[in-house]
Amino acid sequence: TARVHKGFQDASLGLWKVLSQPLLDEVRRLDSPSVIFTGHSLGGATALLCATHYTASTDDRPTVVTFGGPRLCNADLARFIRNEALQGCDVLHLVHSKDPILSNNQKLWDQMGFENVGVELECDPFQPTVFSKETPVKRNPFGIA
């Protein structure tokens, strides 16, 4: 059974209702669209869910970049989003271990069986860094399996 956090679902449905028509009109107008969904915290969760609505409405494969975005759904839904809804999309979650929302909610998300969708990249909260294709990726900054 797929489960998503109700607050994230409500936020994404409300935003998609307002955003969908102007966005889809603009994508149709452009010859070669390149759409990126992005957001921080609740906005990150909303961006990811709006990207799933977008892929259901078009053949375009958007990019999703979140900053401090929470785990928003259980394993069943995360698998569906990764393997079907956002298959072929680049999904990147930028996080750091000093984010109080992320670190304070890890136990709750573990208990609920919530997972990330996409690649999680740990950033150093005290040192700006530019990442390139050659930069080694640190996985599981919070010990997430």
Residue pairs qualifying under the 6 Å Cβ cut-off, at least six apart or on distinct chains, with the first in the range 87-112 being closer than 24 Å to His53 by Cα and the second being surrounded by fewer than 18 Cβ atoms within 10 Å (Cβ to Cβ) and of a type in the set (Lys, Arg), are Gly88/Arg61; Cys89/Arg61
Residue set Thr58, Thr66; condition open to solvent by less than 80 Å² (accessible area, probe 1.4 Å), among the polar types (S, T, N, Q) and more than 28 Å from His96 (Cα to Cα); output residue Thr58
If we keep only residues of the range 79-130 that are of a type in the set (Val, Ile, Thr) and assigned to a loop (DSSP other than H, G, I, E, B), then the residue surrounded by the most Cβ atoms within 10 Å (Cβ to Cβ) is Val117
Per the list (1) closer than 16 Å to Asp90 by Cα; (2) aliphatic (A, V, I, L, M); (3) touching an Asp or Glu at 6+ places or on another chain (Cβ under 9 Å), residue check on Leu49 breaks on (3)
Report task. Assess whether Asp76 counts as being out of contact with any strand residue (DSSP E or B) (no Cβ under 9 Å at 6 or more places or on another chain), under 17 Å from Phe114 (Cβ atoms), acidic (Asp, Glu) and free of Cβ contacts under 8 Å to residues at least 24 places away in the same chain. Result -> no
How many residues of the range 50-78 are out of contact with any His (no Cβ under 9 Å at 6 or more places or on another chain), under 14 Å from Val35 (Cα atoms) and not in a helix (DSSP H, G or I)? The answer is 6
Inside the range 41-70, the number of residues satisfying the requirement of being in contact with a Ser or Thr (Cβ under 9 Å, 6 or more places away or on another chain) and acidic (Asp, Glu) is 1
Inside the range 1-35, the number of residues satisfying the requirement of being more than 13 Å from the chain's Cα centre (by Cα) and in a helix (DSSP H, G or I) is 21
Exception for Thr38 within (1) β-branched (Val, Ile, Thr); (2) assigned to a strand (DSSP E or B); (3) open to solvent by 40 Å² or more (accessible area, probe 1.4 Å); (4) in contact (Cβ under 8 Å) with a residue 40 or more places away in the chain falls at (4)
Report task. Kindly establish whether Thr46 is crowded, with 20+ Cβ neighbours inside 10 Å, more than 14 Å from Asn116 (Cβ to Cβ) and in contact with a Gly (Cβ under 9 Å, 6 or more places away or on another chain). Result -> yes
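The values are calculated or read from the model by the stated rules, or taken from the named source; none is laboratory data. Fair warning: this is a prediction, and the values are worked out from it, not measured in the lab. Here the Cβ is made from the backbone with ideal geometry for all residues, glycine too, and neighbour counts use every protein chain on show. In case anyone asks, the SASA skips ligands and DNA or RNA and just uses the protein heavy atoms, side chains included. Shrake-Rupley method; radii C 1.70, N 1.55, O 1.52, S 1.80 Å.
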